[in-house]
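Asker: Shown below is the structure under consideration.
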Amino acid sequence: MSHAPATDPAIPQLPELESDEVTVSLSQLRAARDEVQRFLLPYQFGLKEIETKVEILRDEFLQLHDYNPIEHISSRVKSADSLVAKVGRKGIDGDFSSIRTHITDIAGIRVTCSFVADTYRLFDLLTQQDDIEVHSVKDYIAAPKPNGYKSLHAIVRVPVFLSTGRVDVPVEVQFRTIAMDFWASLEHKIYYKFDRQVPETLLAELKDAAASAAELDERMQRLHRQVHGIRPAPPRTLEV
(Lines give C-alpha, C1' and ligand atoms only; values in the text may rest on other atoms or scores of the structure.)
Protein backbone atom coordinates (compact mmCIF):
# COMPACT_ATOMS: atom_id res chain seq x y z
CA MET A 1 0.00 0.00 0.00
CA SER A 2 1.23 3.49 -0.82
CA HIS A 3 1.97 5.75 2.11
CA ALA A 4 1.13 9.40 1.54
CA PRO A 5 2.86 12.01 3.65
CA ALA A 6 1.01 13.42 6.64
CA THR A 7 0.49 16.70 4.85
CA ASP A 8 -0.27 16.46 1.16
CA PRO A 9 -0.06 19.92 -0.40
CA ALA A 10 -1.43 21.03 -3.73
CA ILE A 11 0.73 21.86 -6.71
CA PRO A 12 2.25 25.14 -5.57
CA GLN A 13 0.45 28.16 -7.04
CA LEU A 14 2.33 31.35 -7.73
CA PRO A 15 0.64 34.68 -7.03
CA GLU A 16 -1.88 35.94 -9.57
CA LEU A 17 -1.99 39.66 -10.36
CA GLU A 18 -4.35 41.61 -12.55
CA SER A 19 -1.55 43.10 -14.59
CA ASP A 20 0.63 41.18 -17.02
CA GLU A 21 3.61 41.59 -14.73
CA VAL A 22 4.04 39.02 -11.96
CA THR A 23 6.72 39.36 -9.34
CA VAL A 24 7.72 36.15 -7.63
CA SER A 25 10.45 35.84 -5.05
CA LEU A 26 13.31 33.44 -5.60
CA SER A 27 12.33 31.54 -2.45
CA GLN A 28 8.79 31.01 -3.82
CA LEU A 29 10.17 29.64 -7.07
CA ARG A 30 12.50 27.30 -5.23
CA ALA A 31 9.73 26.12 -2.91
CA ALA A 32 7.42 25.38 -5.87
CA ARG A 33 10.18 23.52 -7.71
CA ASP A 34 11.14 21.49 -4.64
CA GLU A 35 7.54 20.46 -3.89
CA VAL A 36 6.99 19.14 -7.42
CA GLN A 37 10.38 17.41 -7.55
CA ARG A 38 9.67 15.73 -4.21
CA PHE A 39 6.31 14.49 -5.50
CA LEU A 40 7.82 13.13 -8.73
CA LEU A 41 10.79 11.41 -7.10
CA PRO A 42 9.06 8.07 -6.32
CA TYR A 43 7.83 7.93 -9.92
CA GLN A 44 11.40 8.31 -11.16
CA PHE A 45 12.49 5.45 -8.90
CA GLY A 46 9.53 3.26 -9.93
CA LEU A 47 10.38 3.83 -13.56
CA LYS A 48 13.98 2.75 -12.91
CA GLU A 49 12.70 -0.48 -11.36
CA ILE A 50 10.60 -1.32 -14.43
CA GLU A 51 13.38 -0.31 -16.83
CA THR A 52 15.78 -2.63 -15.02
CA LYS A 53 13.34 -5.54 -15.21
CA VAL A 54 12.82 -5.05 -18.94
CA GLU A 55 16.56 -4.69 -19.57
CA ILE A 56 17.24 -7.91 -17.65
CA LEU A 57 14.73 -9.76 -19.84
CA ARG A 58 16.35 -8.33 -22.97
CA ASP A 59 19.87 -9.29 -21.86
CA GLU A 60 18.76 -12.78 -20.86
CA PHE A 61 17.19 -13.39 -24.27
CA LEU A 62 20.36 -12.22 -25.98
CA GLN A 63 22.68 -14.37 -23.84
CA LEU A 64 20.62 -17.56 -23.50
CA HIS A 65 18.30 -17.62 -26.49
CA ASP A 66 20.36 -15.71 -29.08
CA TYR A 67 17.25 -13.67 -29.84
CA ASN A 68 16.20 -10.18 -28.84
CA PRO A 69 12.43 -9.55 -28.84
CA ILE A 70 13.00 -5.89 -27.88
CA GLU A 71 13.98 -3.40 -30.56
CA HIS A 72 14.24 -0.41 -28.24
CA ILE A 73 13.04 1.03 -24.93
CA SER A 74 12.05 4.61 -24.16
CA SER A 75 10.78 6.11 -20.94
CA ARG A 76 9.77 9.38 -19.34
CA VAL A 77 8.34 10.96 -16.21
CA LYS A 78 5.82 13.70 -16.98
CA SER A 79 7.15 17.21 -16.65
CA ALA A 80 5.53 19.63 -14.23
CA ASP A 81 3.94 21.50 -17.16
CA SER A 82 2.53 18.30 -18.65
CA LEU A 83 1.21 17.22 -15.26
CA VAL A 84 -0.52 20.54 -14.62
CA ALA A 85 -2.07 20.43 -18.10
CA LYS A 86 -3.47 16.95 -17.51
CA VAL A 87 -4.87 17.96 -14.11
CA GLY A 88 -6.74 20.73 -15.93
CA ARG A 89 -8.03 18.45 -18.70
CA LYS A 90 -9.27 15.81 -16.27
CA GLY A 91 -10.83 18.42 -13.97
CA ILE A 92 -9.41 16.89 -10.80
CA ASP A 93 -8.30 18.68 -7.65
CA GLY A 94 -4.78 20.06 -7.74
CA ASP A 95 -3.60 18.48 -4.49
CA PHE A 96 -0.97 15.78 -4.71
CA SER A 97 -3.24 13.16 -3.14
CA SER A 98 -5.86 13.57 -5.90
CA ILE A 99 -3.18 13.56 -8.59
CA ARG A 100 -1.66 10.39 -7.13
CA THR A 101 -5.08 8.70 -7.18
CA HIS A 102 -6.41 9.80 -10.56
CA ILE A 103 -3.35 10.08 -12.79
CA THR A 104 -1.61 6.74 -13.24
CA ASP A 105 0.63 7.49 -16.22
CA ILE A 106 2.99 9.99 -14.58
CA ALA A 107 5.78 7.46 -15.14
CA GLY A 108 5.75 5.63 -18.46
CA ILE A 109 7.90 3.23 -20.44
CA ARG A 110 7.45 2.07 -24.03
CA VAL A 111 8.82 -1.30 -25.15
CA THR A 112 9.02 -1.62 -28.92
CA CYS A 113 9.11 -5.23 -30.07
CA SER A 114 9.91 -7.04 -33.28
CA PHE A 115 6.65 -8.96 -33.62
CA VAL A 116 3.10 -8.91 -32.21
CA ALA A 117 3.70 -12.21 -30.41
CA ASP A 118 6.64 -10.61 -28.59
CA THR A 119 4.44 -7.87 -27.13
CA TYR A 120 2.27 -10.43 -25.35
CA ARG A 121 5.25 -12.58 -24.39
CA LEU A 122 7.01 -9.66 -22.71
CA PHE A 123 3.80 -8.55 -21.04
CA ASP A 124 3.49 -12.02 -19.50
CA LEU A 125 7.14 -12.17 -18.43
CA LEU A 126 6.96 -8.76 -16.75
CA THR A 127 3.55 -9.02 -15.08
CA GLN A 128 4.10 -12.55 -13.76
CA GLN A 129 6.95 -11.34 -11.55
CA ASP A 130 5.81 -11.60 -7.95
CA ASP A 131 6.56 -7.99 -7.00
CA ILE A 132 4.50 -6.59 -9.89
CA GLU A 133 0.81 -5.87 -9.42
CA VAL A 134 -1.30 -5.35 -12.53
CA HIS A 135 -3.69 -2.45 -12.00
CA SER A 136 -5.33 -2.29 -15.44
CA VAL A 137 -4.83 -3.47 -19.02
CA LYS A 138 -6.03 -1.97 -22.31
CA ASP A 139 -5.39 -4.24 -25.26
CA TYR A 140 -5.55 -1.96 -28.29
CA ILE A 141 -3.79 -4.61 -30.36
CA ALA A 142 -6.72 -7.01 -30.24
CA ALA A 143 -9.24 -4.13 -30.24
CA PRO A 144 -7.69 -1.08 -31.95
CA LYS A 145 -9.00 2.43 -31.35
CA PRO A 146 -11.39 3.77 -34.02
CA ASN A 147 -8.57 5.79 -35.62
CA GLY A 148 -6.46 2.63 -36.05
CA TYR A 149 -4.15 3.06 -33.03
CA LYS A 150 -2.71 -0.24 -31.79
CA SER A 151 -0.68 -0.87 -28.65
CA LEU A 152 -0.87 -2.93 -25.47
CA HIS A 153 -1.14 -0.69 -22.40
CA ALA A 154 -0.75 -1.84 -18.80
CA ILE A 155 -0.68 0.11 -15.57
CA VAL A 156 1.45 -1.84 -13.10
CA ARG A 157 2.50 -1.07 -9.55
CA VAL A 158 6.05 -1.71 -8.43
CA PRO A 159 7.38 -1.36 -4.86
CA VAL A 160 9.98 1.31 -4.17
CA PHE A 161 11.72 1.29 -0.80
CA LEU A 162 12.52 4.76 0.49
CA SER A 163 14.01 5.88 3.79
CA THR A 164 10.42 6.56 4.91
CA GLY A 165 9.20 3.11 3.93
CA ARG A 166 7.66 1.24 1.00
CA VAL A 167 5.74 3.06 -1.72
CA ASP A 168 3.88 1.19 -4.48
CA VAL A 169 4.36 3.30 -7.60
CA PRO A 170 2.14 3.09 -10.70
CA VAL A 171 3.97 2.91 -14.03
CA GLU A 172 2.35 2.77 -17.45
CA VAL A 173 3.99 0.19 -19.72
CA GLN A 174 3.24 0.20 -23.44
CA PHE A 175 4.13 -2.72 -25.69
CA ARG A 176 3.99 -2.24 -29.46
CA THR A 177 5.69 -3.35 -32.66
CA ILE A 178 7.97 -1.22 -34.83
CA ALA A 179 5.14 -0.69 -37.32
CA MET A 180 2.71 0.35 -34.57
CA ASP A 181 5.28 2.72 -33.11
CA PHE A 182 6.03 4.32 -36.48
CA TRP A 183 2.32 4.87 -37.14
CA ALA A 184 1.70 6.32 -33.66
CA SER A 185 4.66 8.69 -34.03
CA LEU A 186 3.35 9.97 -37.36
CA GLU A 187 -0.19 10.34 -36.01
CA HIS A 188 1.10 12.36 -33.04
CA LYS A 189 3.02 14.71 -35.34
CA ILE A 190 -0.02 15.25 -37.57
CA TYR A 191 -2.31 15.99 -34.61
CA TYR A 192 0.25 18.43 -33.24
CA LYS A 193 0.64 20.14 -36.63
CA PHE A 194 -3.12 20.70 -36.95
CA ASP A 195 -3.69 21.45 -33.24
CA ARG A 196 -5.86 18.31 -33.08
CA GLN A 197 -8.20 19.65 -35.82
CA VAL A 198 -7.09 17.16 -38.47
CA PRO A 199 -8.90 17.26 -41.84
CA GLU A 200 -11.15 14.27 -42.55
CA THR A 201 -9.12 13.30 -45.61
CA LEU A 202 -5.97 12.96 -43.50
CA LEU A 203 -7.84 10.98 -40.84
CA ALA A 204 -8.97 8.54 -43.51
CA GLU A 205 -5.39 8.23 -44.80
CA LEU A 206 -4.15 7.60 -41.28
CA LYS A 207 -6.69 4.83 -40.72
CA ASP A 208 -5.73 3.24 -44.03
CA ALA A 209 -2.05 3.47 -43.04
CA ALA A 210 -2.86 1.73 -39.75
CA ALA A 211 -4.42 -1.15 -41.69
CA SER A 212 -1.30 -1.35 -43.88
CA ALA A 213 0.93 -1.40 -40.78
CA ALA A 214 -1.15 -4.22 -39.28
CA GLU A 215 -0.87 -6.19 -42.52
CA LEU A 216 2.91 -5.67 -42.52
CA ASP A 217 3.10 -6.95 -38.92
CA GLU A 218 1.18 -10.09 -39.91
CA ARG A 219 3.40 -10.74 -42.95
CA MET A 220 6.65 -10.24 -41.05
CA GLN A 221 5.52 -12.48 -38.21
CA ARG A 222 4.49 -15.15 -40.72
CA LEU A 223 7.95 -14.97 -42.34
CA HIS A 224 9.60 -15.17 -38.93
CA ARG A 225 7.65 -18.33 -38.10
CA GLN A 226 8.53 -19.92 -41.42
CA VAL A 227 12.25 -19.20 -41.00
CA HIS A 228 12.35 -20.57 -37.44
CA GLY A 229 9.78 -23.35 -37.83
CA ILE A 230 7.42 -21.86 -35.26
CA ARG A 231 3.79 -22.98 -35.24
CA PRO A 232 1.21 -20.18 -35.27
CA ALA A 233 -0.17 -19.41 -31.82
CA PRO A 234 -3.91 -18.92 -31.28
CA PRO A 235 -5.10 -15.29 -31.27
CA ARG A 236 -4.40 -13.60 -27.94
CA THR A 237 -6.73 -11.18 -26.19
CA LEU A 238 -6.27 -9.68 -22.75
CA GLU A 239 -9.05 -8.47 -20.52
CA VAL A 240 -9.56 -4.74 -20.87
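Asker: So Arg166 ticks every box in (1) at negative phi; (2) surrounded by 11 or more Cβ atoms within 10 Å (Cβ to Cβ); (3) at pLDDT below 95 but one. Which box is left unticked?
Answerer: (3)
Asker: Could you list all residues from region 61-73 that are touching a helix residue (DSSP H, G or I) at 6+ places or on another chain (Cβ under 9 Å) and surrounded by fewer than 13 Cβ atoms within 10 Å (Cβ to Cβ)?
Answerer: Residues of region 61-73 that are touching a helix residue (DSSP H, G or I) at 6+ places or on another chain (Cβ under 9 Å), as a first pass: 67-73.
Tyr67, His72, listed by residue number.
Asker: Return the residues of region 38-79 that are in contact (Cβ under 8 Å) with a residue 60 or more places away in the chain, aliphatic (A, V, I, L, M) and closer than 22 Å to Thr164 by Cβ; say none if nothing qualifies.
Answerer: If the condition is that a residue be in contact (Cβ under 8 Å) with a residue 60 or more places away in the chain, aliphatic (A, V, I, L, M) and closer than 22 Å to Thr164 by Cβ, then Leu40, Leu47, Ile50 are the ones that fit.
Listed here are the residues, each with its yes/no results for (1) closer than 26 Å to Trp183 by Cβ; (2) out of contact with any Cys (no Cβ under 9 Å at 6 or more places or on another chain); (3) of a type in the set (Val, Ile, Thr).
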{"residue": "Lys86", "(1), (2), (3)": "yes, yes, no"}
{"residue": "Leu122", "(1), (2), (3)": "yes, no, no"}
{"residue": "Leu126", "(1), (2), (3)": "yes, yes, no"}
{"residue": "Ile141", "(1), (2), (3)": "yes, yes, yes"}
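Asker: So, in region 46-104, how many residues would count as being of a type in the set (Phe, Trp, Tyr) and in a helix (DSSP H, G or I)? Walk me through it before giving the result.
Answerer: If we filter region 46-104 for residues that are of a type in the set (Phe, Trp, Tyr), which is where we start, we get 61, 67, 96.
Pick out the ones that are also in a helix (DSSP H, G or I) and you get 61, 96.
Here the count works out to 2.
For every residue, the table says whether it meets (1) in contact (Cβ under 8 Å) with a residue 40 or more places away in the chain; (2) closer than 24 Å to Val77 by Cβ; (3) of a type in the set (A, V, I, L, M).
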| residue | (1), (2), (3) |
| --- | --- |
| Ile109 | yes, yes, yes |
| Ser114 | yes, no, no |
| Phe123 | yes, yes, no |
| Glu133 | no, yes, no |
| His153 | no, yes, no |
| Phe161 | no, yes, no |
| Asp168 | yes, yes, no |
| Glu172 | yes, yes, no |
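Asker: Output the residue which, of all residues in region 125-141 that are among the aliphatic types (A, V, I, L, M) and in a helix (DSSP H, G or I), is surrounded by the most Cβ atoms within 10 Å (Cβ to Cβ).
Answerer: To start, the set of residues in region 125-141 that are among the aliphatic types (A, V, I, L, M) comprises 125-126, 132, 134, 137, 141.
When the remaining residues are screened for being in a helix (DSSP H, G or I), the result is 125-126.
Details: Leu125: 16, Leu126: 20.
Step by step, filter region 125-141, then rank; the result is Leu126.
Asker: Take region 100-131 and flag every residue that is under 20 Å from Pro170 (Cα atoms), of a type in the set (Val, Ile, Thr) and over 16 Å from the mean Cα position of the chain (by Cα).
Answerer: Thr101
Asker: If you don't mind, another one. Considering only residues that are surrounded by 15 or more Cβ atoms within 10 Å (Cβ to Cβ) and of a type outside the set (A, V, I, L, M, F, W, C), look in region 77-93 and name the one that is farthest from Tyr43 (Cα to Cα).
Answerer: Ranking the candidates gives Lys86 first.
Asker: Please work out which residue is surrounded by the fewest Cβ atoms within 10 Å (Cβ to Cβ), limiting yourself to region 33-60 and to residues that are β-branched (Val, Ile, Thr) and over 15 Å from Val173 (Cα atoms). Full working, then the answer.
Answerer: Going through region 33-60, the residues β-branched (Val, Ile, Thr) turn out to be 36, 50, 52, 54, 56.
Narrowing the set further to residues that are over 15 Å from Val173 (Cα atoms) leaves 36, 56.
On the way: Val36: 17, Ile56: 11.
Step by step, filter region 33-60, then rank; the result is Ile56.
Asker: Going through His228, His188 one at a time, which residue ends up being surrounded by fewer than 13 Cβ atoms within 10 Å (Cβ to Cβ), without any contact (Cβ under 8 Å) to a residue 24 or more places away in the chain and within 25 Å of the chain's Cα centre (by Cα)?
Answerer: Details: His228 fails: within 25 Å of the chain's Cα centre (by Cα).
On inspection, the qualifying residue turns out to be His188.
The values are calculated or read from the model by the stated rules, or taken from the named source; none is laboratory data. In this text the structure is predicted, and so the values were computed from the model without any measurement. Glycine gets a Cβ as well: all are built from the backbone with ideal geometry, and neighbour counts include every protein chain shown.
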